[in-house]
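K.L.:
Quick one: the structure is below, and I'll ask about it shortly.
Please treat every number below as a calculation from the coordinates, not as lab data. Since the model is a prediction, treat every value here as computed from it, not as a measurement. Cβ atoms come from the backbone with ideal geometry, glycine included; neighbour counts cover every protein chain shown.
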Amino acid sequence: MNQEPIIEVKGLQKNFGAFTAVKDVSFTVNKGDVFGFLGPNGAGKSTTMRCMLSLIKPNAGQINIFGKNLFEARNEILAKVGSIVEKPDFYKYLSARKNLEIFARISGADVSQQTIFETLDFVGLAGREKDKVGGFSHGMRQRLGIAQTLLHQPELIILDEPTTGLDPQGIIEVRDLILRLKNEQNKTVILSSHQLAEIEHVANRMVIINKGQTIIEGSVSELMNAQETLLSIELLERSNEALYLLQQQFAQIKAEAISPKTLELNVERNLIPAINSALVNAGFEVVALEPKRTLEDFFIQMTQS
Amino acid sequence: MKLSFLLSLLFLTHLTSAQDPNELVKAVRLKLEKVTDYAADVHIKAQVPMIKIDEVDAKIFYKQPNQMKVESKGIAILPKQGLGELNNFLTNEKGYTCALNGSKMLGDVKTTVVSVLPLTENADVILVKLWIDPAKDLILKSQITSKSNGTLDINYYYGDQAKYGLPYKMVFTIDVKKFKLPKSVAADLHQNKKKTKATEGSQTGTIVLQFSNYKVNQGIPASKFKAN
Amino acid sequence: MLWKNTYNEFIKILAKPRSYIGLAALTLLILIILFAMKADGRMYISFVTASFEQTLSFNGNILNGNLIAFIVLQMLIVHIPLLVALVTGDLLSGEAAMGTLRMLLTKPISRSQVVYSKLIAAAAYTFILVVWMGFLALVVGRWMFGTGDLIVLNSDGLVILNYADILWRYGLAFAVAYLALMTIATLSIAFSAFADNSIGPIVSTMAVIILFTIIGSLDVSVFDHVKPWLFTTHMASWRSFFSDPVPWAAIRESVWILLGHNILFIGIAIIKFKHKDITS
């Protein structure tokens, strides 16, 4: 994985009057990342996103994008960024194509009519280019919003809660689209969400913020593996013996026998295969291994603490 | 009562002069009646408080008994009375009575001053005073006092058309005491209050009419006087 | 980028139905005035000339296209600011309300350029309104009523202007009226920079106009020092071109004060907009 940083946010702080929306947020997005920006509602995600797009001026901290200070090289940076903040809004009285033309004209690149049609096709809006946006569904606007971010071939795409308000089908489509952007076009994507599952499915790295502060940052898989999971093991019988075995072999785990057939233990996710092997090798008949506590619980735990 | 006083005044003045004012006015009238119609160019120069207008050229048409028309490309301001009205007034011999009012020098001409009193009680005109050159039967000055307009003075200057009693120049002195500006409309920006007061001070204005190219008794079709 | 976005602004204004409300309302108003004058214009004039007409007679075509244009201008100068503000007050705040401002400002265009391009569009729109008004009032007015000397009632009396001496006055009068309307446009844009909804700046602009007009018309000496500096005092400055002699010094002063207001309002709009956190 290329480690060239595209976005560096350091010590970001933003107050609205007496209210501190962002207290201390820092993270780094590397080239080629699909970067998840996770936090509960009101954590300061949108404010941070808006700061990264120069919509809001932070009170303190630094934002470097493409190695340059955002507020010093704003136009140069924004020419290489495509974004949707909150939800994509368009001129309702204009057609989809006219809307894209308007945003393309000030995107800093020469966008041909062909590109506009291709982009509309890419987001699945081919044939609707002449329709007024006022008549579009939320999902169609979201897709048009993504089309708008792509027109000028940006290197970095910033999506703020891109699946909010979409139906399950729409959510899948957007996820799909993000993965295609990464895989087919090698874009760097940063997307915010208040739902871990959202990030889990598409992001390779993420940061979790809460109450305006960075809680943790890292690779999604590492973070998920690093967390202890409540594992429930169902056996045909002899749960007490199995408990003894596991306590012998894995000194660090805390386990208890819930019933003659069920064990519950707190383990790190990466230990689960080893536990399974140990039980099987010792002749226990394992019916099920069920991780009960997921990253979601961790997220809730982190953000509530 | 008023009338009887005036009539006695008239009788008194009659005694002091050898001339019969009625005869004099009649002579003037007959001279004027020789004109059945005329057309002339007229140059109008109006200097009236509260009105600002450039000098204007117009054409004037008259046809007996009382048709009068002014044609101008732009807007021309004329006194309402004194052009055709005086002629009309004098034509109706039975509508007035005349009284001698002494004589007066106007320039180097000795004029006979005649007061002409309308006999109809509710007429707008209250009194007409004429300064008549008895040698030429020409009105050199008139003063018309009416209920609606106050006093209007006219001075007449004669040239070629004197034989018809038509002047080449008339100078009207009009009373502007009654001029009022509707307030709501006069809402312009650079209001100048001092200026307004100054105009209130002067209560007369003059309008000078200079006639040329008289065409007398050459016939004017009646259609000319039809309103547009 | 400035011109590209200005082009965008034109597209938006042309596509917005409310842009046509102004033009339609203006057309309707002028046509109603023209119709009313055709039907009963003499009455309207006699209201002005009544006291003079006892003594004087006014000859010639008084109710002509030039006078009609003057009447139209005089009547509409009260209403056109609303039509201008309806479009210009919406330029920034309308986009904030719609959410498109957020989209617009994540593009590589500086905020001052956004304001400038909207200003240019507003200037063009106002220009079209004024030209359209001029066309309807003067061209259609002359076509319907013919030409002739213009009789104007000023505070110090009637002025009768020669028909050959009128067109340049109208040209300059429309130019100054345009400047006055641009003051409304820039004021509403300045309000627009503060607001996130359409109606606020429009109402605020009209409120300021009404307030200043009332202060201007109150004959109270405490306001004497304020009045000359109120832009509303100078909004009727176009009328001065129909005085004789033309009070050039006073007009120049009005033009400077209106220009000053324009610059002030644009300055306020840019400073506010540049430092505004876009939270809409």
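K.L.:
Equivalent-ellipsoid semi-axes (√(5λ), Cα gyration tensor) for chain C, whole Å, largest first?
P.N.:
Working from the Cα gyration tensor, I get semi-axes of 38, 21, 15 Å.
K.L.:
About its Cα centre, how strong a charge dipole does segment C:106-224 have in debye, to the nearest 20, once Lys and Arg get +1 and Asp and Glu get -1 at the Cβ?
P.N.:
Around 640 debye, computed over segment C:106-224.
K.L.:
Now for a separate question. If each residue's Cβ is checked for other Cβ atoms within 10 Å, how do A:His194, C:His225, A:His152 rank with the fewest at the top?
P.N.:
Result, fewest neighbours first: C:His225, A:His194, A:His152.
K.L.:
Still on this structure, I have one more. Can you show me the helix-derived [θ] at 222 nm for chain A, built from DSSP H runs with n ≥ 4 at -39,500 (n - 2.57) apiece and divided by the number of residues, rounded to the nearest 500.
P.N.:
-10500 deg cm²/dmol
K.L.:
Report, largest value first, the span of the C-alpha coordinates of segment C:31-153 along each principal axis, in whole Å.
P.N.:
Projected onto the principal axes, the Cα atoms of segment C:31-153 cover 71, 22, 22 Å.
K.L.:
May I ask for the longest run of chain A untouched by GluC sites (Glu not before Pro) that are loop-located per DSSP and have at most 13 neighbouring C-beta atoms (other than their own) within 10 Å?
P.N.:
Free of exposed loop sites, the longest segment is A:73-236.
K.L.:
Rounded to the nearest 0.05, what FRET efficiency do C:Ile210 and C:Asp165 give with R0 = 51 Å and r taken as the Cβ-Cβ distance? Could you check?
P.N.:
E between C:Ile210 and C:Asp165, to the nearest 0.05, is 0.90.
K.L.:
To the nearest 500 deg cm²/dmol, what mean residue ellipticity at 222 nm is calculated for chain C from DSSP H runs of n ≥ 4 alone, each contributing -39,500 (n - 2.57), summed and divided by the residues?
P.N.:
For chain C, the value works out to -22500 deg cm²/dmol.
K.L.:
Then there's this: Rg to Rh for segment A:227-304: what is it, with Cα atoms only and Rh by Kirkwood?
P.N.:
Here the Rg-to-Rh quotient is 0.99.
K.L.:
At a Förster distance of 30 Å, what's the computed FRET efficiency of C:Ala36 paired with A:Asp131, Cβ-Cβ distance as r, to 0.05? It would help to have the intermediate numbers written out before the result.
P.N.:
On the way: r = 44 Å, r/R0 = 1.48.
My answer for the efficiency is 0.10.
K.L.:
Here's something else I'd like to know. So which GluC sites (Glu not before Pro) in segment B:56-136 pass both tests, a DSSP loop state and at most 11 other Cβ atoms within 10 Å of the Cβ?
P.N.:
B:Glu121
K.L.:
Sticking with this structure for a sec: Express as a percent, rounded to the nearest 5, the fraction of DSSP beta bridges in chain A (both residues included) that run antiparallel.
P.N.:
65
K.L.:
Compute the FRET efficiency between C:Leu259 and C:Val203 as 1/(1 + (r/R0)^6), taking r as their Cβ-Cβ distance and R0 = 41 Å, and round to the nearest 0.05.
P.N.:
Plugging the Cβ-Cβ distance into 1/(1 + (r/R0)^6) gives 0.95.
K.L.:
Gap in Å between the Cα centre of segment C:12-35 and the Cα centre of segment A:127-166?
P.N.:
If we compute the Cα centre of each part, the gap is 35 Å.
K.L.:
Separate question: What ranking of C:Met182, B:Met105, B:Met50, C:Met206 emerges when the number of other C-beta atoms within 10 Å of each C-beta is taken as an exposure proxy, fewest first?
P.N.:
B:Met105, C:Met206, B:Met50, C:Met182
K.L.:
Rounded, prolate or oblate: which one fits segment B:114-154, using the alpha carbon gyration tensor with axes a ≥ b ≥ c (rounded when a/c is under 1.5, else prolate when a/b beats b/c, else oblate)?
P.N.:
Since a/c reaches 1.5 but b/c is at least a/b, the shape of segment B:114-154 is classed as oblate.
K.L.:
How big, on average over all directions, is the shadow cast by the Cα convex hull of segment B:67-129, in nm²?
P.N.:
Hull-based average projected area comes out at 6.4 nm².
K.L.:
Would you mind estimating how fast segment A:127-255 diffuses translationally, via Stokes-Einstein at 20 °C and 1.002 mPa s with the Kirkwood radius over Cα pairs, in µm²/s?
P.N.:
Estimated via Stokes-Einstein, D reaches 117 µm²/s.
K.L.:
Follow-up. Please compute the length gained on full extension between A:Ala274 and A:Glu118, using 0.36 nm multiplied by the number of residues separating them and subtracting their Cα-Cα distance.
P.N.:
Gain on extension, A:Ala274 to A:Glu118, equals 51.2 nm.
K.L.:
Considering every pair of different Cα atoms, what Kirkwood radius, in Å, is found for segment A:5-224?
P.N.:
Kirkwood hydrodynamic radius for segment A:5-224: 17.6 Å.
K.L.:
Compute and list, largest first, the equivalent-ellipsoid semi-axes of the protein assembly as shown from the alpha carbon gyration tensor, each √(5λ) rounded to a whole angstrom.
P.N.:
97, 23, 20
K.L.:
With labels modelled as points extended 7 Å from the Cα through the Cβ direction, what inter-label distance (nm, one decimal) is found for B:Glu71 paired with A:Thr164?
P.N.:
8.0
K.L.:
How far is the Cα center of segment A:169-221 from the Cα center of segment B:24-94, in Å?
P.N.:
Result: 97 Å between the Cα centres.
K.L.:
Please arrange C:Met103, C:Met75 by counting, for each residue, the other beta carbons lying within 10 Å of its beta carbon, fewest first.
P.N.:
So the ranking, lowest neighbour count to highest, is C:Met75, C:Met103.
K.L.:
Would you please name the trypsin sites (Lys or Arg not before Pro) within segment B:80-187 that are DSSP coil residues with at most 16 other C-beta atoms within 10 Å of their C-beta?
P.N.:
B:Lys136, B:Lys147, B:Lys177, B:Lys178, B:Lys180, B:Lys183
K.L.:
How far apart, in nanometres, would the label points at A:Lys261 and A:Glu4 be if each is projected 7 angstrom from Cα along the Cα-to-Cβ direction?
P.N.:
If labels sit at A:Lys261 and A:Glu4, their model points lie 5.8 nm apart.
K.L.:
Roughly speaking, what is the stretch gain from C:Val246 to C:Met75, that is 0.36 nm per residue apart minus the C-alpha to C-alpha distance, in nm to one decimal?
P.N.:
Gain on extension, C:Val246 to C:Met75, equals 59.4 nm.
K.L.:
Put a dot 7 Å past each Cα toward the Cβ at A:Lys92 and A:Ala109; how far apart are the dots in nm?
P.N.:
For A:Ala109 paired with A:Lys92, the spin-label model returns 3.1 nm.
K.L.:
Between B:Val109 and B:Lys26, 0.36 nm times their residue separation minus their Cα-Cα distance comes to what?
P.N.:
Full extension from B:Val109 to B:Lys26 adds 27.9 nm.
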